[in-house]
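Here is the structure we will look at, set down as structure tokens.
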Amino acid sequence: MSDEINIVLCCSAGMSTSLVVENMKKAADEKGINAKIKAVPVSSLEEINGKEHIDAIMLGPQVRFKLNELKNIYKEQNTFVDVINMADYGMINGEKILNDIIASCKN
């Protein structure tokens, strides 16, 4: 992982994750973490694949069925792919989600 962490959150339309993104950005700022975080519809991942390095792709619980497919696609790029914990997602706990991603990317 470089000095900046690039995180993409995916859901059905890219809208339900926008509040999570805002809370994650706030937590990153408070911790002094240089993070680029955005939300996109899962169908838009193809458009950014290969155009930029993504450190972590986190799926909203509603698109968890894409997990294995995306793990296979991003395996060679060393991109961490997982599903956001449903409780953290529901509580819009951006700080916890960010901490989990950072811990997973360090492994």
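Values as computed for the structure displayed
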{"read-out": "All positions within region 1-24 that are touching a strand residue (DSSP E or B) at 6+ places or on another chain (Cβ under 7 Å) and over 17 Å from I57 (Cβ atoms)", "value": "D3"}
{"read-out": "Residue that is most open to solvent (accessible area, probe 1.4 Å), among those in region 39-89 that are within 14 Å of N6 (Cα to Cα) and among the charged types (D, E, K, R)", "value": "K51"}
{"read-out": "Members of region 95-104 that are touching an Asp or Glu at 6+ places or on another chain (Cβ under 7 Å) and open to solvent by less than 30 Å² (accessible area, probe 1.4 Å)", "value": "I97"}
{"read-out": "Which numbered condition A13 fails, given (1) more than 14 Å from the chain's Cα centre (by Cα); (2) open to solvent by less than 30 Å² (accessible area, probe 1.4 Å)", "value": "(2)"}
{"read-out": "Of the criteria (1) under 15 Å from I101 (Cα atoms); (2) out of contact with any Lys or Arg (no Cβ under 9 Å at 6 or more places or on another chain), which one D82 fails", "value": "(2)"}
{"read-out": "Those residues of region 19-37 which are out of contact with any Lys or Arg (no Cβ under 8 Å at 6 or more places or on another chain) and surrounded by 15 or more Cβ atoms within 10 Å (Cβ to Cβ), in sequence order", "value": "V20, N23, M24, K25, A27, A28, I33"}
{"read-out": "Qualifying positions in region 26-47 - under 19 Å from S16 (Cβ atoms) and either in a strand (DSSP E or B) or β-branched (V, I, T) (or both)", "value": "I37, K38, A39, V40, P41, V42"}
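The values are calculated or read from the model by the stated rules, or taken from the named source; none is laboratory data. All values reported here derive from a predicted model rather than from experimental measurement. Cβ coordinates were reconstructed from backbone atoms using ideal geometry, including for glycine residues, and neighbour counts include every protein chain displayed. Protein only, heavy atoms only, side chains kept; ligands, DNA and RNA dropped before computing areas. Shrake-Rupley method; radii C 1.70, N 1.55, O 1.52, S 1.80 Å.
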